[in-house]
1. List the helices (runs of 4 or more DSSP H) that sit entirely inside the stretch A:211-291 and contain at least 2 residues that are in contact with a Cys (Cβ under 8 Å, 6 or more places away or on another chain), under 30 Å from B:ILE134 (Cβ atoms) and not acidic (Asp, Glu).
2. Given the criteria in a helix (DSSP H, G or I) and away from chain A (no Cβ under 14 Å), does B:ALA39 qualify?
3. State whether one or more residues within the stretch A:47-65 are of a type outside the set (A, V, I, L, M), open to solvent by 20 Å² or more (accessible area, probe 1.4 Å), at the interface with chain B (Cβ under 10 Å from one of its Cβ atoms) and in contact with a Gly (Cβ under 9 Å, 6 or more places away or on another chain).
4. Do any residues in the stretch B:76-87 that are farther than 20 Å from B:PRO109 by Cα and without any contact (Cβ under 8 Å) to a residue 60 or more places away in the chain have Cβ atoms under 7 Å from those of residues that are β-branched (Val, Ile, Thr) and surrounded by 14 or more Cβ atoms within 10 Å (Cβ to Cβ), where the two are at least six apart or on different chains, and which pairs are they?
5. Where the second residue is open to solvent by 70 Å² or more (accessible area, probe 1.4 Å) and the first is under 24 Å from B:ASP202 (Cβ atoms) and lies in the stretch B:227-248, which pairs have Cβ atoms under 9 Å and are six or more apart or on separate chains?
6. Might you check whether a residue that is within 30 Å of B:VAL142 (Cβ to Cβ) and in contact (Cβ under 8 Å) with a residue 24 or more places away in the chain occurs anywhere in the stretch B:20-41?
7. Filter the stretch B:363-405 for residues that are in a strand (DSSP E or B) and either aromatic (Phe, Trp, Tyr) or free of Cβ contacts under 8 Å to residues at least 24 places away in the same chain (or both) and give the result.
8. When the residues of the stretch B:68-80 are filtered to those that are more than 9 Å from every other protein chain (Cβ to nearest Cβ) and of a type outside the set (Gly, Ala, Ser), which remaining residue is surrounded by the fewest Cβ atoms within 10 Å (Cβ to Cβ)?
Amino acid sequence: MSSITVSRRHVIAGLAACASLAALARPLRAEEKTYSFGVLNQRSVPLIAQYWNPILAYLSRKAGVSLELKVGRTAPETTAMALRRELDFTYSNHLFRPDRLGLGYHVIAAPATEGIRGQVVVMADSRLRDLSGLRGQDVAFPSKESFAGFQLPMDALIKDSIEVKPVFAGNQEGAMGQLRAGRVAAAAVNSQLMAAFALREGLSYRVLWQSELFRDIPIMANDHVPPAMITAVQAALIAMGDDPEGMAVLSQVAEIWGINKPIPFIRASDADYESYRRFYAGMSPSLESPE
Amino acid sequence: MTLSPFRFWHGLSLAGRLLLVLLLCTSISTLWLLFQQLATESHNYSDSLVRKTHDEISSLAPQVADQALIGDYTAIQQILDRFTVHAYVEEAIWTDAKGIRLFSHTDKPPAKIPALIRRIMGMTDIVEALPLVIGGHSYGSVSLRLDPSEIQEQLWRNLLQSALGLALSWGLQAGLILVVLRHSIAPLTDMDEAVHRMETGDLSARLYPSGSPEVRHLMVGFNAMAQAIESATHQSGRNLAETETARADMARFSEILTHHMQEPVRQIVAFAQILQKCGGNDPESLGFIIDAARRQRSLLTDIELYLALSHLPLANTTASSMDAAKTALADLAPLLTACGGHITLGNLPMVWLDRQRMVLLFKELFGNAIEYRSPDRTLEVTVSAEPSDQDGFVRLSVADNGIGIDRQYFDMIFDVFRRLHTRDVHPGNGIGLAAVRKIVTMAGGEIGLESTPGQGTCFSFTLPLRNPDNGAS
C-alpha cells in the first residue's frame with residue numbers, strides 16, 4: 001500500500017512540474033511575434049506576393065522570425081504604411097528623403113545587382129528621339145513616390161524645361177503597360193524592371209534618357225525591431241545566395257518575374273545609399289513634396 | 001351505381017376502343033419519353049452548373065486573393081456580395097488562414113415542383129471550395145454554393161409546356177380520329193339499316209356508296225346482292241302468278257272440257273242418232289253435226305293459241321309498240337274498212353315486250369272494239385301512251401266509242417271462254433281478252449278497263465320500258 005502511495009505522490013509531483021513548465025512556456029509562445037515585411041509596389045500585388053512569399057517563408061524558417069508580407073494597393077499606400085512605422089521590415093527606396101530619415105529605417109541588405117537607373121523609354125518604332133519631343137505629350141509614371149520611375153526622370157525633365165502630361169499608373173509595370181498599349185508617348189521606369197518586363201513580354205523599346213546608376217532598392221529594418229531579430233533576418237538574407245535551398249527559392253521566384261537569373265542579397269548599409277541622399281539634396285525644388 | 005372498367009370497355013364502340021387504346025399507348029410512351037428527356041436535361045444542366053461553379057470560383061478566387069493580400073476585408077465582402085447576385089449563386093464564403101470568415105448569402109426561393117419531378121431531376125446544390133495560395137502562402141480559401149432551383153423551375157416549366165402541347169396534340173388526334181371513324185362507320189350503319197329493311201321485306205333497299213374505298217366496294221356489292229334478291233323475288237312472284245294463272249286456266253279448261261267441249265260432242269251424237277234413224281237422209285241434222293264439229297275445232301284452235309302464249313320466248317330487248325299497233329291495224333284493215341271505223345295511233349313508245357305478243361295484244365283489242373262497236377255511230381278507236389305510276393312502266397290505252405260494258409262484268413270479261421253475249425249475237429269463244437291479260441301479266445304489267453255502257457270502253461294496261469329484272473334502263 002505504502003509503495004503505491006509513494007508512486008502516486010511522484011506522479012502528482014511530475015504532473016505539477018509539467019504544468020509549471022507549460023505555464024512558463026505560454027508567455028514565451030505569446031511573445032512569438034509576426035513581423036511585417038513591406039514590399040514596394042513595383043509590380044501588381046499578386047506578382048509581388050508570388051515573388052516575396054516564398055522568400056519570406058524561407059527567411060522565417062532560417063532566421064526563426066515569423067515574417068508576413070504586407071503590401072498596399074499602390075506604392076504610395078505601401079510607403080504610407082512605412083511612414084506610419086507599421087512596417088517592421090521593408091523593401092523600399094522611398095525612405096531616403098531628408099524628411100524621412102528620422103523614421104528609424106536602416107538598410108540591412110540589398111539585391112546583388114549592378115544597380116538601377118531611372119529611364120524614359122518609348123516603343124522601338126517611336127519617332128521620338130530625345131526628351132524634347134515629349135513636350136506636351138502624355139508620359140506614364142508609376143507614382144510620385146517612385147524614385148527611379150518619377151523623381152529621377154521628372155527632375156531631368158524639369159531641369160530641361162520640358163513639360164509633359166503625367167499619367168500615373170500605380171506601379172512600374174502599370175506604366176509599362178500604358179506604353180505598350182499606346183496610351184502614352186513614353187514611360188518613366190526603373191531600368192531593371194523595364195528590362196525584365198520587356199524580356200517577359202517580348203517588348204522592344206528604346207531609351208530616350210537614363211539617369212546615373214544608383215544602388216538597387218534596399219531591405220530596411222525599423223529600429224523598433226529587436227536587434228537580434230534584425231541580425232537574424234539579415235544573416236538569413238545574406239546567406240540565402242550560398243544556400244542551395246535559398247538559391248532554389250530565388251530561382252523559382254526569378255522565373256515568375258521573368259528574370260534571367262536569381263538575384264541573391266548582399267550586406268548593405270545606409271552608407272551605401274549616399275547617392276540617393278545626394279540626389280535629394282540637388283533635386284528640383286518643385287519635386288520636394290511628393291503631394 | 002359504379003361503372004367497372006370491364007363494363008365501361010364492354011360498352012365502348014369499336015371506334016372508342018381503338019381510340020382509347022391509341023391514346024393510352026401514346027400517352028404512356030410520350031410520358032416516358034418526356035421523363036427521360038427531363039432526366040437527361042437535368043443531368044446536362046447539373047454538369048453545366050458544375051462547370052459554372054468552377055468558372056465562378058475561378059473568377060472569384062483571384063479577386064479575393066488581391067484583396068486578401070492587401071488585407072482589405074471590406075473589399076472582400078463587397079466582392080462576395082457581388083457574386084451572390086450572379087445567377088444560381090446562393091452563397092460565397094472566404095475563410096482566411098486564421099479562420100476569420102466572411103460570407104454572403106442570398107436566399108433563393110425553393111422551386112415549386114412536385115416531389116416526384118424533383119426526384120427525377122436529381123439535382124442538388126453544387127459546392128466548390130478553392131484554397132488561396134500565393135507564393136506558397138495561404139490566404140485562406142473561397143467557396144461557392146450554387147442553387148439549381150432556377151434551373152429546376154425552368155425545366156419544370158418546359159415539362160409543363162411540353163405536356164400541354166402533347167395534350168393539345170392528343171386532343172386534336174382524338175378528335176380527328178373520331179371524325180374519321182364516325183365518317184367511316186356511318187356507311188356501315190346505313191348498311192345495317194338496309195339489311196334490316198331487306199329482312200323486313202323491303203327489297204328496294206339500296207345504298208349510296210360512300211366512306212372509305214373498301215366500304216364503298218362493300219356497298220356496291222350489297223347493292224348488287226339486293227338487286228339479285230329483288231330480281232329473283234320478282235321472278236319468283238311472276239312464276240307464282242303464272243302458276244296461279246295456269247291453275248285457274250286448268251280449272252277453266254276443266255270447265256270447258258266438261259261443258260263447252262262436251263256441248264258440241266253431245267250435239268253431234270244427238271244429230272248423228274237422228275241421222276241414223278232416218279237412214280242418213282236428213283240434211284238439217286247433217287248441217288247441225290257439221291256446225292258442232294266446226295265449233296269444236298274453233299275451241300281447240302283458241303285453246304292452242306292461249307296455251308302457246310306461255311311457250312313463246314320472252315323478250316330480251318325492247319320493241320316498238322307503234323310498229324306492233326300498225327301491224328295489227330294492217331291485219332284488221334278489211335274488217336275496219338267494212339265497218340267504216342277509224343283507229344288513231346298516238347305517240348307509242350318502245351317497250352320491253354316481244355313484237356309477236358305485242359301484235360297479238362293490239363290485234364285482240366282492236367278486234368274487240370270492232371266486234372262491239374255501236375250500231376248508232378262510226379267506230380272511233382284511239383291508242384295513246386302516258387307515264388305510269390309503276391316505276392319503269394308506261395301506260396297504254398285503247399279507247400273506243402262502242403257499246404260499252406256494265407261494271408259488274410269488268411273482272412269477268414278477262415276469264416277464258418267467258419262471254420257476255422250469245423254466239424248468235426257476237427261470234428267468238430271468249431278467249432281474246434284472256435290472252436291480252438296473260439300477255440300483260442307475263443310482262444309484269446297490269447290491265448284494267450273503264451267503260452260506260454252505250455258510250456264506249458277504254459282498256460288500259462302497263463308495259464315495262466326496260467327489263468324489270470334489271471334496274472338499269
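1. Filter on the stretch A:211-291 gives an empty set.
2. yes
3. Checked against the condition, which is being of a type outside the set (A, V, I, L, M), open to solvent by 20 Å² or more (accessible area, probe 1.4 Å), at the interface with chain B (Cβ under 10 Å from one of its Cβ atoms) and in contact with a Gly (Cβ under 9 Å, 6 or more places away or on another chain), the stretch A:47-65 yields at least one hit.
4. These pairs meet every condition: B:ILE76/B:VAL64; B:ILE79/B:VAL64.
5. B:GLN227/B:ARG206; B:GLN227/B:ASN470; B:SER231/B:ASN470
6. Scanning the stretch B:20-41 turns up at least one residue that is within 30 Å of B:VAL142 (Cβ to Cβ) and in contact (Cβ under 8 Å) with a residue 24 or more places away in the chain.
7. B:GLU386, B:PRO387, B:PHE393
8. This residue is B:THR74.
The values are calculated or read from the model by the stated rules, or taken from the named source; none is laboratory data. The structure displayed is predicted, hence computed values, not measured ones. Because the Cβ atoms are built from the backbone with ideal geometry, glycine has one as well, and the counts that use them run over all protein chains shown. Each accessible area value is taken on the protein alone, full model and side chains, heavy atoms only, with ligands, DNA and RNA left out. Shrake-Rupley method; radii C 1.70, N 1.55, O 1.52, S 1.80 Å.
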